[in-house]
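Here is the structure we will look at.
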Amino acid sequence: MNVAIIWTLAQKELGDALRNRWFLLYTIAFAGLALALSYMSLAGAGIAGFAGFGRTAASLINLVLLIIPLMALTVGAQSLAHEQEQGTLAYLLAQPVTRPEVFLGKYLGLALSLLASLGLGFGVAGVVLALSNGSGSPGAYASLMVQTFLLSLTMLSVGFLISALTKRAGVAVGIGLFLWLAFVFLGDLGLMGTAITMRLPVDQLLWLSLLNPLQVFKMASILDINATLDLLGPAGIYAMQEYGDRLRPVFLGLTLAWIALPALAAYVRFHLRGDL
C-alpha cells in the first residue's frame with residue numbers, strides 16, 4: 001500500500017465532508033449546544049455564569065448521545081454507496097490504486113472530519129470555560145472528548161458496513177437512521193422496559209447494556225467524571241462491586257471491538273464485490 005495515495009484520498013474525503021451541508025449543520029448545532037450547556041449547566045442551582053469543566057462534561061453526555069452517532073452514521077453510510085450510485089467509485093478503482101488504499105483513505109478522511117467537528121464543538125465551549133475561570137479539572141472534559149471521538153469511530157464503522165452492503169445512498173442513509181433510532185431508544189428506556197417485562201437479574205441487565213455501544217460510551221464517560229456508576233442504579237452498583245478497576249479496560253475493549261469488527265466486515269465486503 002502507498003501511504004501517499006491513502007493520504008491524498010483522505011484529504012479529498014475530508015474536503016468533501018467539510019463541504020457537505022448536513023455535516024456542517026450537525027457541526028454548528030453541536031458547537032452551539034455545547035456552548036449553551038456550558039452556561040446553563042449550573043442554572044438549575046441558581047448560580048449565574050459559566051459552569052465548571054466537570055459539570056459541563058456531565059451535561060454534554062446526553063447531547064453527544066443524540067448528535068454524534070447520527071452524524072457519524074450518516075457520513076459513513078454515504079461513503080461508498082453514494083460514489084457507487086454516481087459511478088465515480090468504479091472510475092476511481094480503474095485508476096492505479098488498490099481497494100485497500102481506497103477504503104483506508106476514505107475511512108481516514110471521514111475520521112479526520114469527525115475529529116475536526118468534535119474539536120470545534122468541544123474547543124469553543126472549553127475556551128469559553130477557560131476564559132471565564134471555569135472551576136474543576138479540565139481532565140474530565142478532555143476525557144469526554146476522547147470518549148466521544150471513539151464513539152464517532154464506532155458509528156462510522158457501522159456506517160461503512162451499511163454502505164458496503166447497499167448500492168443506493170438513500171437506502172444506506174435510511175438504514176443508518178433506523179439503526180440510530182434503535183441504538184438511542186434501546187438505551188435507558190428500552191433497557192428499563194425489558195428489565196421490568198422480563199424480570200432480568202442485574203448481571204444480565206448489565207451485559208445487555210454492554211451490547212449497545214452508546215451505553216458503553218455513557219458508562220465509560222460517567223465513570224471518568226464521577227469515578228463511580230451509582231447514578232445508573234442497580235446495574236451500575238453491581239458493575240462497580242463485581243469488576244471495580246477492571247471496568248475501564250472492559251469498556252475500552254468493547255469500544256475498540258465495535259470500531260474494528262464492523263470496519264473489517266465492511267472492508268471484506270468492499271474487497272469481494274464484483275459489481276464495481
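Of note:
- Number of residues in region 40-66 that are modelled with pLDDT of 80 or more and either surrounded by fewer than 19 Cβ atoms within 10 Å (Cβ to Cβ) or touching a strand residue (DSSP E or B) at 6+ places or on another chain (Cβ under 8 Å) (or both): the value is 4.
- Test: residue in region 147-165 that is surrounded by fewer than 22 Cβ atoms within 10 Å (Cβ to Cβ) and β-branched (V, I, T): no
- G123, sole failed condition from (1) surrounded by 15 or more Cβ atoms within 10 Å (Cβ to Cβ); (2) over 20 Å from G174 (Cα atoms); (3) without any contact (Cβ under 8 Å) to a residue 24 or more places away in the chain: (1)
- Residue tally, condition within 14 Å of L156 (Cα to Cα) and buried (at least 21 other Cβ atoms within 10 Å of the Cβ), over region 101-110: 6
The values are calculated or read from the model by the stated rules, or taken from the named source; none is laboratory data. Computed from a predicted model, the values in this text were never measured in an experiment. So basically every Cβ, Gly included, is an ideal-geometry build from the backbone, and we count neighbours across all protein chains shown.
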